[in-house]
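The values are calculated or read from the model by the stated rules, or taken from the named source; none is laboratory data. These numbers were taken from a predicted model, which means no experiment stands behind them. Cβ placement follows ideal geometry from the backbone for every residue including glycine, while neighbour counts extend to all protein chains displayed.
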Amino acid sequence: MASADGLITLVVEDDDLQRLALARLLLVLGARKVLEAENGSKALALMREVPKVDLIVCDLDMPEMDGMEFMRHLGQARSTASVIINSSMEQALIGSVGKMAQVYGVNLLGLIEKPTTLAKLDELILRYEPHLAPLAPPASTPRLFSLEQILHGLLKNQFQPFFQPKVALASGRLLGAESLARWDHPAYGLIYPKVFINVLERHESIDDLTLLMLEKAAQACRDWLKHRDDLTVSVNLSLVSLSDTTVADKITQIVRSTGIEPRHMMLEITETAVMAEVGPALENLTRLRMRGFGLSIDDFGTGFSSLQQLGRVPFTELKIDQSLVAGCGTTPSSRAIIESSVALARSLNLKSIAEGVETQADWDFLQAAGCDAGQGYFIANPMDADFFMDCWVTKT
């Protein structure tokens, strides 16, 4: 079966000859129909007439409405079409537009630097999967929860950890999991952290959630260790928690009370958390490391003080941010940053882990770059404790 077999496609390109050449390539690859537009505005007009477009191949530099504005409109319209960016601009610029498109919510298959060939187009179209329109949240679901509502949920034990597996990239072997907080609301179902974390931090109540997740994650890890004695669990620490000089003692007491040793616990610290309250943070983190906890610098590569923090704090792991990892298999700038980060980790005797592994191409590149571990949707979605135990701990 050809890669574009049966697809309705749209070529958005202002050069007549290049537009015709792309249309022919798509037909060779099996496209059922090829629509053509010379700029973004005409492409949007065509899409209003055609019920469903599966795939769009789009140039960037076009008159009237360029490719960037066109992709913004696609994102705002919650389009289900997959997009391939096809441009003669330099790679760094094309890569930046690719990141922009993903932020807008565009289903981006990849980037092609002109001249376009049948092989390049075929390789990207092979990634195509039908997309459903994103579901808008029910009108009855509140966008914001008050501090009182969130604290009530904590009091009622409605918050649970979900676990996303971490695996060795060289072998695929399970190393452990990151614990991610979820609010299992009785009326609105599963609620994600962005809804409640900022509220708790703003009111300096984040410790209530942090310590609860720490205890539940440690309890889950204790059960894993009955089957595998080399697994670890990661828990995130907030900057507000690190500003309290007694937090190291609280964490140590909770973890040891569950019956596991600190060496099975990785504490993930964001760069901003270390920067905000340097003195108390250094005191807490050094004390935790002395007691055997692993320390991970989270979101590495997204802040301005990463290198400074690596010199200050006794980290054991460098976690490369998902904004760099997702799509790294085909993004030259991300590849360069990741290779440098992995080399830096190795020179400092730190383990390197990549979050946001989403494709086989990402996995292959990270493995070749020597990154130690990975996590992301290509490996597995976050899951509840029972499912993680059944599908990962006892079967790997």
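If you go through the range 61-80 and keep only what is surrounded by fewer than 20 Cβ atoms within 10 Å (Cβ to Cβ) and within 26 Å of the chain's Cα centre (by Cα), you end up with M68, E69, R72, H73, G75, Q76, A77, R78, T80. In the range 69-86, the residue that is farthest from V106 (Cα to Cα) out of those that are at pLDDT 90 or above and in contact with a Leu (Cβ under 8 Å, 6 or more places away or on another chain) is N86. Kindly indicate whether S179 is assigned to a loop (DSSP other than H, G, I, E, B), assigned by TED's automatic domain parsing to the domain that holds F388 and within 22 Å of the chain's Cα centre (by Cα). It is false that S179 is assigned to a loop (DSSP other than H, G, I, E, B), assigned by TED's automatic domain parsing to the domain that holds F388 and within 22 Å of the chain's Cα centre (by Cα). Of the residues making up the range 279-326, those that are at pLDDT 85 or above, over 30 Å from G98 (Cβ atoms) and not in a helix (DSSP H, G or I) are R291, G292, F293, G294, L295, P314, F315, T316.
Name every residue in the range 265-278 that is under 22 Å from the mean Cα position of the chain (by Cα) and either at pLDDT below 85 or outside the structural domain of G356 (by TED's automatic domain parsing) (or both), in order of residue number. Matches in the range 265-278: T270, E271, T272, A273, V274.
Those helices (runs of 4 or more DSSP H) of the range 1-119 in which at least 3 residues are of a type in the set (S, T, N, Q) and closer than 26 Å to A361 by Cβ, considering only elements entirely within it, cover 91-103.
Does K194 qualify as being outside any helix (DSSP H, G or I) and assigned by TED's automatic domain parsing to the domain that holds P382?
Details: outside any helix (DSSP H, G or I): no; assigned by TED's automatic domain parsing to the domain that holds P382: yes.
When the stated conditions are applied, K194 does not pass them.
Residue-by-condition table, conditions (1) more than 25 Å from L111 (Cα to Cα); (2) without any contact (Cβ under 8 Å) to a residue 12 or more places away in the chain; (3) polar (S, T, N, Q); (4) touching a helix residue (DSSP H, G or I) at 6+ places or on another chain (Cβ under 8 Å):
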residue: T331; (1), (2), (3), (4): no, no, yes, yes
residue: S334; (1), (2), (3), (4): no, no, yes, yes
residue: G356; (1), (2), (3), (4): no, no, no, yes
residue: A361; (1), (2), (3), (4): no, no, no, yes
residue: G370; (1), (2), (3), (4): no, no, no, yes
residue: Y377; (1), (2), (3), (4): no, no, no, no
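Please specify each residue of the range 327-340 satisfying the condition of being surrounded by 23 or more Cβ atoms within 10 Å (Cβ to Cβ) and either in a helix (DSSP H, G or I) or hydrophobic (A, V, I, L, M, F, W, C) (or both). Within the range 327-340, C328, S334, I338 qualify. Exactly one residue among G98, G110 is touching a residue at least 60 places away in the same chain (Cβ under 8 Å), on the phi < 0 side of the Ramachandran plot, within 20 Å of the chain's Cα centre (by Cα) and buried (at least 18 other Cβ atoms within 10 Å of the Cβ), and that residue is G98.
Of the residues screened, S323 is one that is surrounded by fewer than 23 Cβ atoms within 10 Å (Cβ to Cβ) and under 16 Å from the mean Cα position of the chain (by Cα).
Does L366 meet the test of being of a type outside the set (G, A, S) and modelled with pLDDT of 95 or more? I'd like the intermediate steps shown before the answer.
On the way: of a type outside the set (G, A, S): yes; modelled with pLDDT of 95 or more: yes.
Here the answer is yes, as L366 does meet what is asked.
Sub-6 Å Cβ pairs linking a first residue in the range 146-167 that is among the small types (G, A, S) to a second residue that is buried (at least 19 other Cβ atoms within 10 Å of the Cβ), at least 6 apart or interchain, are G153/W183, ordered by first then second residue.
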